[in-house]
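Asker: If you scroll down you'll find the structure; I have some questions about it.
A short reminder: the numbers here are calculations on the coordinates, not readings from a lab. Values in this document were obtained by computation on a predicted structure and should not be read as measured data. Cβ placement follows ideal geometry from the backbone for every residue including glycine, while neighbour counts extend to all protein chains displayed.
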Amino acid sequence: AQTIHQWPVAEIKAVGSPLSLGCTIKGKSSPNLYWYWQATGGTLQQLFYSITVGQVESVVQLNLSASRPKDDQFILSTEKLLLSHSGFYLCAWRLGGAETLYFGSGTRLTVL
Amino acid sequence: AQSVTQPDARVTVSEGASLQLRCKYSYSGTPYLFWYVQYPRQGLQLLLKYYSGDPVVQGVNGFEAEFIKSNSSFHLRKASVHWSDSAVYFCAVRITGNTGKLIFGLGTTLQVQP
């Protein structure tokens with residue numbers, strides 16, 4: 001069974017519309033969670049990280065927000081999408097003290 | 001400043017040929033180095049990692065990488081590529097601390113020709 005599940009797989013949204021992307025981690029206690037963004041054809045950039053429930057740190061300001069409502073859940077959202085939000089969003093996890101990040105299968109977002 | 005450079009945006013090799021994908025990093029601390037692979041329309045999969053010890057690390061599917069501290073390099077190698085190895089390969093260095101931040105290179109697209 002997969003440890004990390006992201007939803008939806010893909011989204012096509014209009015500029016100005018809201019967005020919510022989700023990530024669930026199964027079978028890991030208190031993982032560190034991360035959101036990364038990959039612009040089309042580009043490299044990956046860390047957006048947010050969370051060490052514990054209810055606590056999220058922003059790394060890059062892209063008019064997005066993130067929340068961690070449960071130990072195993074990480075949500076990325078915005079109330080108003082921009083064209084520049086298009087790209088591939090990846091959730092990742094690691095256990096505290098471990099060095100390796102493991103990534104989900106990603107959500108492809110197209111903003112029109 | 002921390003950075004990762006993958007100088008080759010695209011590499012094309014014939015099936016069965018050997019492969020080297022180059023990676024150089026800039027990081028003042030102890031480098032934790034990774035290679036990830038991204039198949040079309042998929043997330044990242046970990047190929048291999050280096051923390052310490054033997055500078056040559058083995059990964060999945062016959063890949064290996066060598067950490068050369070004097071050269072700040074972590075090149076990826078494979079003795080004989082298969083068409084299914086066609087993908088984008090990312091080199092990354094992890095920033096120590098709770099942020100878990102990985103600095104990625106721009107990636108190298110590998111095209112294996114039959």
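Asker: For chain A, with only Lys/Arg (+1) and Asp/Glu (-1) charged at the beta-carbon, what is the dipole magnitude about the Cα centre, in debye rounded to 20?
Answerer: 140
Asker: Mean separation of Cα pairs under 8 Å and 6+ residues apart, divided by the residue count of chain A: what relative contact order is that in percent?
Answerer: Relative contact order for chain A comes out at 36 percent.
Asker: Given a Förster distance of 35 angstrom, what is the FRET efficiency for A:Ile12 paired with B:Ser84, based on the Cβ-Cβ distance and rounded to 0.05?
Answerer: 0.75
Asker: A further question on this structure: Rounded to the nearest 0.05, what FRET efficiency do B:Gln58 and A:Thr100 have when you use their Cβ-Cβ distance and R0 = 25 Å?
Answerer: Computed FRET efficiency for B:Gln58 and A:Thr100 comes out at 0.95.
Asker: Also, I was wondering about something else. How big is the equivalent ellipsoid of chain B along its three axes, where each semi-axis is √(5λ) from the Cα gyration tensor, reported in whole Å from largest to smallest?
Answerer: Those come to 23, 15, 12 Å.
Asker: With a cut-off of 8 Å between alpha carbons and a minimum separation of six or more residues, what is the relative contact order of chain B in percent?
Answerer: Answer for chain B is 36 percent.
Asker: Please compute, over every Cα-Cα pair in the stretch A:19-58, the percentage with a separation greater than 16 angstrom.
Answerer: Tail fraction, whole percent: 46.
Asker: If you take the beta carbon distance between B:Gln2 and A:Thr3 as r and set R0 to 35 Å, what does 1/(1 + (r/R0)^6) give as a FRET efficiency, to the nearest 0.05?
Answerer: E(calc), rounded to 0.05, equals 0.80.
Asker: Give the total of Lys-Lys pairs in chain A with Cα-Cα distances below 28 Å; include a pair only if its members are 8 or more places apart or on different chains.
Answerer: Lysine pairs satisfying the spacing and distance rule in chain A number 5.
Asker: Would you please report the Å³ per residue occupied by the convex hull of the alpha carbon atoms in chain A?
Answerer: With only Cα atoms used, chain A gives 96 Å³ per residue.
Asker: B:Asp54: net charge of surrounding residues, Cβ under 14 Å, Lys/Arg +1, Asp/Glu -1, itself excluded?
Answerer: Charge balance near B:Asp54 sits at 0.
Asker: If you don't mind, there's one more thing I want to ask. If eta is 0.890 mPa s and T is 25 °C, what Stokes-Einstein diffusion coefficient results for the protein assembly as shown, Kirkwood Rh from Cα pairs, in µm²/s?
Answerer: Calculated translational D: 135 µm²/s.
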